[in-house]
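Trainee: There's a structure below that I have some questions on.
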4 protein chains.
Amino acid sequence: MILPPIPTPFDRQGRLDTAAFRELAEALEPLVDGLLIYGSNGEGVHLTPEERARGLRALSPRKPFLVGLMEESLPQAERALQEAKEAGALAVLATPPRYYHGSLGEGLLAYYRALAEKIPLFLYHVPQNTKVDLPLAAVEALAQHPQVLGIKDSGGDMARLAFYQAHLRDFRVYTGHAPTFLAALALGAEGGILAAANLAPRAYRALLEAFRAGRLEEAQALQKRLFPLGDLLARGGVPLLKQALRHLGLPAGYPRPPYPGESPLWREFLPVLENLRELGGTP
Amino acid sequence: MILPPIPTPFDRQGRLDTAAFRELAEALEPLVDGLLIYGSNGEGVHLTPEERARGLRALSPRKPFLVGLMEESLPQAERALQEAKEAGALAVLATPPRYYHGSLGEGLLAYYRALAEKIPLFLYHVPQNTKVDLPLAAVEALAQHPQVLGIKDSGGDMARLAFYQAHLRDFRVYTGHAPTFLAALALGAEGGILAAANLAPRAYRALLEAFRAGRLEEAQALQKRLFPLGDLLARGGVPLLKQALRHLGLPAGYPRPPYPGESPLWREFLPVLENLRELGGTP
Amino acid sequence: MILPPIPTPFDRQGRLDTAAFRELAEALEPLVDGLLIYGSNGEGVHLTPEERARGLRALSPRKPFLVGLMEESLPQAERALQEAKEAGALAVLATPPRYYHGSLGEGLLAYYRALAEKIPLFLYHVPQNTKVDLPLAAVEALAQHPQVLGIKDSGGDMARLAFYQAHLRDFRVYTGHAPTFLAALALGAEGGILAAANLAPRAYRALLEAFRAGRLEEAQALQKRLFPLGDLLARGGVPLLKQALRHLGLPAGYPRPPYPGESPLWREFLPVLENLRELGGTP
Amino acid sequence: MILPPIPTPFDRQGRLDTAAFRELAEALEPLVDGLLIYGSNGEGVHLTPEERARGLRALSPRKPFLVGLMEESLPQAERALQEAKEAGALAVLATPPRYYHGSLGEGLLAYYRALAEKIPLFLYHVPQNTKVDLPLAAVEALAQHPQVLGIKDSGGDMARLAFYQAHLRDFRVYTGHAPTFLAALALGAEGGILAAANLAPRAYRALLEAFRAGRLEEAQALQKRLFPLGDLLARGGVPLLKQALRHLGLPAGYPRPPYPGESPLWREFLPVLENLRELGGTP
């Protein structure tokens, strides 16, 4: 399964644009296996709770979708969880509380267990954003819970994926790290939730398909070709992703201020994007 | 000047307790030079915007007070800033946006400048919580702005304080790192905004006073005596601070779930606290 | 190709035991495609130049072998390089100078180029030991040199391997990170130089073979089974490797003091090793 | 006490120049309280054991001197220690073994204790070079040994110095971090072993003197004035230090290849150095 973490459109003044949000989701959904809303590239943390609920109500995906949940405490999380439930999410994708992470202790497990009582969930390990670790021992403990379905691991540390492959059962692993996508598949990931899949949905599905069918050389060729896209996007983040989508004519809008509307990596990225477009890979 | 970052009380169920908040602020205010509300130890990030405003309205400090502002985007920050202004804050104390910090770029300066157009502010460098850096070059650039009054630097990296001392003028530096308090004073800090000052307000004022008066041996003796308090509190964070205040009979309440009500460092901390109490140092 | 970095035996008093060294090399050589001497697990940095030369002279491998070169300056490296050349090494495997790495600058490229004038070489990226980075831009620049044959990358960062795969040609990549071995192969590594291959030479060759032949499920099954071995050994290092070899009756000796003769991970490791032995995997 | 870690001169071709070494030591010795040979800036790790012994024999300091010992194993260290003893060193200054630090475990304490049986020693914490930590618990344990005289702590982490001040007795602390020199004194350091003291020996002694005499404003003024020198030198390392000494006409020679003869920070450093020279501060 390939899911894009779709961006949340803001206008130049930083106002949430729900019409654009709906339009963007409808453009991407047919090309992929589902959506991640308010995920790593969805700027969920840039929304007030009211805006977040309003954005969700504007969408009506037909394919399965996940909703990101990046809250700092349980009462905040329960509110976000309720919104996701009402919107019909398959599951939430939840980062650990982070601001006081050093004194969280056993609260880490308590947090996830409290959420899992109320909704199916995927753990979300994305240390480049959260700057906190989700220890393997905690993942192993939480994987026992029937409502903890799996993990999205975006850190790019393949030793973690090798651990999941070797030690956990009935635990679904998605990588969020496009530059190492094929490696993640080799280590048992069942798919990717990749910012780059907003731009090259068909190509990532083709890579996954080639791998599943045992056509390893084809998979390696796609991995090589897609590497620059995934690598630059991992470095450029939301500003680069939105700029690229706008360039392709999609209503992705702008990052919320003070994040820049244009990425310093754009010049390096443009030929990569154009090359992809010529091959018919873009949405 | 010694300011405590006062904790925000929640009850066992995680509900904001505004009556306790007011009572706690009133108990501490007479012993110090002012207050920091929603700062490093104030769990501002654990509140919804409504709760945050409600908490502020419950207080009515007579001494100058700062309000912490730890938002992720400018629209969110402008709302928080407005609340602080209405409450009569001397200034806000603002961390950098952090979740997408890697792609913030020039947005860092833009963020602080946009805030400083609307309210006096202190920069807030607290990497143990935000996990992001506030580069010295950015501090130097922002120090030029007339409404950027100074910085609270809680990282404990004295090379930064030495830099401020050598390179910046009319820039007020407060340390937030109790274990190195005397070092910060030697390097030009004008005071401390210290979690430990919730527990030992008089002793930190005495240390500051001794230093100002040139009684270095006395200052060093206080530094030595206070080190274990500041050191343990820096490691134990909000759960330990609230537990200590409760132990002293102050209505600090509990950390918001899933943060633990009791600290694993309590056993080590208790004799330090009792020793301080015997000397008449606690509030 | 699977190469073990063979350990250098010392007796209990820390004296180099050249007879054991020769015996150990002769026991392992038939099971693998070649040897790495004085590599990550060879304690080359624990030898004086005289001892290092004496050790080399005691060996006479028939298969191709590499010699590790972990020196701090060019004059020291040239001496080590000369020894390797005289011993008949295929190439040296050279870490960057590390103690003053922060002020090395262009010296990094100069270092490798000076060595490559005199002997074929592999770059050696092993940040867990050297604690310094070999930047991708430097690897890319050095890959142009005809005598720079490739790299041994032990860091386990698969994004680096994906970079080599996508950007470099005629550049041979060996992984030194056993826990992610299959991922490295998927990303184009041609083999492994693995401490774990001292203990399970046949199994790593079988994994490589299965992958090359397109038997991906078999490769994944071996990856899963070998993960605990590679993972524990990566954490336990030389003391654990030598203890395991001694347990198997091989004359690996002891780490040089003050390194401990027994590993704190032994208890966890023993059942993994015994399981491997029962399957006939050990040398 | 102010001690400079004197550089070890090499000629342009990287050959040890013992005559220059002697001349340099004799030029600096009268201006300071003693010398550190083969310390953080002495490139001890760039010498073969023979060169190291030859260098030592070329010197004959009259003031007390320390000898740096940065070995990887005990047999290597015992040889270096013997040389230092024969040369008449007051003590050795010893870093922890570093290449296999992750599996050192109890070997850390064993290492220092074995050395301390044979010669008085100072612990040497210089993580910017060694990239390993010397845990506070280990320092505390070793401080009990009668031949462990104290520590040179170059990391610049003042919380460590605050710990020594609060918890250790009869333990001599020297800072090796010039940018925070006054802070270290406030936290109980008895002096500095500072690269910058090669260039400004009198000024650092004046700062120390002012502090000891309770003339805090004067000490702060010197701290401010010296900050750029110490800060740049901490970043530029050996290449910058040697270039500065050569500029002043002292026979410091060049760093050993592949380290660059000229520092990229030279342009920024030159006005700082010239300013110091005009004030009569240079040797």
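Trainee: Do we find a residue being among the polar types (S, T, N, Q), out of contact with any Cys (no Cβ under 9 Å at 6 or more places or on another chain) and more than 30 Å from A:Asp11 (Cβ to Cβ) anywhere in region A:183-198?
Mentor: Within region A:183-198, not a single residue is among the polar types (S, T, N, Q), out of contact with any Cys (no Cβ under 9 Å at 6 or more places or on another chain) and more than 30 Å from A:Asp11 (Cβ to Cβ).
Trainee: Given the criteria open to solvent by 40 Å² or more (accessible area, probe 1.4 Å), part of a helix (DSSP H, G or I), in contact (Cβ under 8 Å) with a residue 24 or more places away in the chain and more than 9 Å from every other protein chain (Cβ to nearest Cβ), does A:Glu23 qualify?
Mentor: On the way: open to solvent by 40 Å² or more (accessible area, probe 1.4 Å): yes; part of a helix (DSSP H, G or I): yes; in contact (Cβ under 8 Å) with a residue 24 or more places away in the chain: yes; more than 9 Å from every other protein chain (Cβ to nearest Cβ): yes.
Taking the combined requirement at face value, the residue satisfies it.
Trainee: Oh, and also: Quick check: anything in region C:225-238 at positive phi, modelled with pLDDT of 95 or more and part of a loop (DSSP other than H, G, I, E, B)?
Mentor: We begin by selecting, within region C:225-238, every residue at positive phi; these are C:237.
Now restrict to residues that are modelled with pLDDT of 95 or more: C:237.
Narrowing the set further to residues that are part of a loop (DSSP other than H, G, I, E, B) leaves none.
No, the conditions are met nowhere in region C:225-238.
Trainee: Would it be correct to say that A:Leu66 is at pLDDT 95 or above and assigned to a helix (DSSP H, G or I)?
Mentor: No; evaluated as a whole, the condition is false for this residue.
Trainee: Looking only at residues in region A:152-161 that are part of a helix (DSSP H, G or I) and either hydroxyl-bearing (Ser, Thr, Tyr) or facing chain C (nearest Cβ under 7 Å) (or both), which one is nearest to C:Asp231 (Cα to Cα)?
Mentor: Result: A:Ala159.
Trainee: Ok, one more. Does region C:36-59 include one or more residues that are in contact with a His (Cβ under 6 Å, 6 or more places away or on another chain) and within 29 Å of D:Pro258 (Cα to Cα)? Working first, answer last.
Mentor: Let us first name the residues in region C:36-59 that are in contact with a His (Cβ under 6 Å, 6 or more places away or on another chain), namely none.
The answer is no; no qualifying residue exists.
Trainee: State all residues of region B:177-226 that are more than 23 Å from D:Phe181 (Cα to Cα) and of a type in the set (Val, Ile, Thr); if no residue qualifies, say none.
Mentor: B:Ile193
Trainee: For region C:116-148, which positions are under 16 Å from the mean Cα position of the chain (by Cα) and more than 10 Å from every other protein chain (Cβ to nearest Cβ)?
Mentor: Hits for region C:116-148 are C:Leu121, C:Phe122, C:Leu123, C:Tyr124, C:His125.
Trainee: Okay, moving on. Only residues that are open to solvent by less than 10 Å² (accessible area, probe 1.4 Å), among the small types (Gly, Ala, Ser) and outside any strand (DSSP E or B): list them for region B:186-200, please.
Mentor: Of everything in region B:186-200, those that are open to solvent by less than 10 Å² (accessible area, probe 1.4 Å), among the small types (Gly, Ala, Ser) and outside any strand (DSSP E or B) turn out to be B:Ala186, B:Ala189, B:Ala196, B:Ala197, B:Ala200.
Trainee: Mind listing whichever residues of region D:54-81 are within 13 Å of another protein chain (Cβ to nearest Cβ) and either aromatic (Phe, Trp, Tyr) or over 14 Å from the mean Cα position of the chain (by Cα) (or both)?
Mentor: Scanning region D:54-81 gives D:Glu71, D:Glu72, D:Ser73, D:Leu74, D:Pro75, D:Gln76, D:Ala77, D:Glu78, D:Arg79, D:Ala80.
Trainee: Would you confirm whether or not region A:165-172 contains a residue that is within 17 Å of the chain's Cα centre (by Cα), buried (at least 18 other Cβ atoms within 10 Å of the Cβ) and not in a strand (DSSP E or B)?
Mentor: No, region A:165-172 has no match at all.
Trainee: Just to be sure before I move on: is A:Pro96 within 11 Å of chain B (Cβ to nearest Cβ), touching a strand residue (DSSP E or B) at 6+ places or on another chain (Cβ under 9 Å) and in a loop (DSSP other than H, G, I, E, B) in the structure I sent?
Mentor: Against the criterion (within 11 Å of chain B (Cβ to nearest Cβ), touching a strand residue (DSSP E or B) at 6+ places or on another chain (Cβ under 9 Å) and in a loop (DSSP other than H, G, I, E, B)), A:Pro96 qualifies.
Trainee: Let me ask something additional. Which one of C:Pro255, C:Pro228, C:Pro239, C:Pro251 is closer than 18 Å to C:Ala206 by Cα and within 19 Å of the chain's Cα centre (by Cα)?
Mentor: Details: C:Pro255 fails: closer than 18 Å to C:Ala206 by Cα; C:Pro239 fails: closer than 18 Å to C:Ala206 by Cα; C:Pro251 fails: closer than 18 Å to C:Ala206 by Cα.
Checking each option against the conditions leaves just C:Pro228.
Trainee: What are the residues in region D:243-262 that are part of a helix (DSSP H, G or I) and either among the hydrophobic types (A, V, I, L, M, F, W, C) or buried (at least 24 other Cβ atoms within 10 Å of the Cβ) (or both), if any?
Mentor: Within region D:243-262, D:Ala244, D:Leu245 meet the criteria.
Trainee: Return the residues of region A:85-102 that are under 20 Å from the mean Cα position of the chain (by Cα) and open to solvent by 10 Å² or more (accessible area, probe 1.4 Å); say none if nothing qualifies.
Mentor: Matches in region A:85-102: A:Lys85, A:Ala87, A:Gly88, A:Ala89, A:Leu90, A:Arg98.
Every residue, every condition in (1) open to solvent by 10 Å² or more (accessible area, probe 1.4 Å); (2) within 30 Å of C:Glu26 (Cβ to Cβ); (3) assigned to a loop (DSSP other than H, G, I, E, B); (4) among the basic types (Lys, Arg), yes or no:
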| position | (1), (2), (3), (4) |
| --- | --- |
| C:Ala53 | yes, yes, no, no |
| C:Arg57 | yes, yes, no, yes |
| C:Ala77 | no, yes, no, no |
| C:Glu83 | yes, yes, no, no |
| C:Leu108 | yes, no, no, no |
| C:Glu140 | yes, no, no, no |
| C:Leu149 | yes, yes, no, no |
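Trainee: Just to check your reading of the model, which residue among C:Tyr164, C:Tyr112 is free of Cβ contacts under 8 Å to residues at least 60 places away in the same chain and within 13 Å of chain D (Cβ to nearest Cβ)?
Mentor: Unique residue meeting the criteria: C:Tyr112.
Trainee: Residues to consider are C:Leu229, C:Leu240, C:Leu265, C:Leu233; find the one that is hydrophobic (A, V, I, L, M, F, W, C), over 18 Å from D:Tyr100 (Cβ atoms) and either within 13 Å of another protein chain (Cβ to nearest Cβ) or surrounded by fewer than 19 Cβ atoms within 10 Å (Cβ to Cβ) (or both).
Mentor: Numbers: C:Leu240 fails: over 18 Å from D:Tyr100 (Cβ atoms); C:Leu265 fails: over 18 Å from D:Tyr100 (Cβ atoms); C:Leu233 fails: over 18 Å from D:Tyr100 (Cβ atoms).
Selected residue: C:Leu229, the only one of C:Leu229, C:Leu240, C:Leu265, C:Leu233 that is hydrophobic (A, V, I, L, M, F, W, C), over 18 Å from D:Tyr100 (Cβ atoms) and either within 13 Å of another protein chain (Cβ to nearest Cβ) or surrounded by fewer than 19 Cβ atoms within 10 Å (Cβ to Cβ) (or both).
Trainee: Going by what's in this entry, would B:Leu182 be described as within 24 Å of B:Leu149 (Cα to Cα) and either crowded, with 24+ Cβ neighbours inside 10 Å or facing another protein chain (nearest Cβ under 8 Å) (or both)?
Mentor: Considered against the rule, which asks whether it is within 24 Å of B:Leu149 (Cα to Cα) and either crowded, with 24+ Cβ neighbours inside 10 Å or facing another protein chain (nearest Cβ under 8 Å) (or both), B:Leu182 comes out as yes.
Trainee: Checking B:Gly39 against (1) within 14 Å of chain A (Cβ to nearest Cβ); (2) at pLDDT 95 or above; (3) not in a helix (DSSP H, G or I), which test does it fail?
Mentor: In the conditions (1) within 14 Å of chain A (Cβ to nearest Cβ); (2) at pLDDT 95 or above; (3) not in a helix (DSSP H, G or I), B:Gly39 misses (2) alone.
One line per residue, one yes/no per condition, for (1) within 26 Å of A:Ala234 (Cα to Cα); (2) free of Cβ contacts under 8 Å to residues at least 60 places away in the same chain; (3) in contact with a helix residue (DSSP H, G or I) (Cβ under 7 Å, 6 or more places away or on another chain):
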residue: B:Arg98; (1), (2), (3): yes, yes, yes
residue: B:Gly107; (1), (2), (3): yes, yes, no
residue: B:Ala116; (1), (2), (3): no, yes, no
residue: B:Leu123; (1), (2), (3): no, yes, yes
residue: B:Thr130; (1), (2), (3): yes, no, no
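Trainee: Just wondering, is there one or more residues in region C:82-90 that are at pLDDT below 95 and of a type in the set (S, T, N, Q)?
Mentor: no
The values are calculated or read from the model by the stated rules, or taken from the named source; none is laboratory data. A quick note: this is a predicted structure, and the numbers were derived from the prediction, not measured. Counting neighbours? That spans all protein chains shown, and the Cβs are built from the backbone with ideal geometry, glycine included. Surface areas here come from the heavy atoms of the whole protein model, side chains and all, with no ligands, DNA or RNA. Shrake-Rupley method; radii C 1.70, N 1.55, O 1.52, S 1.80 Å.
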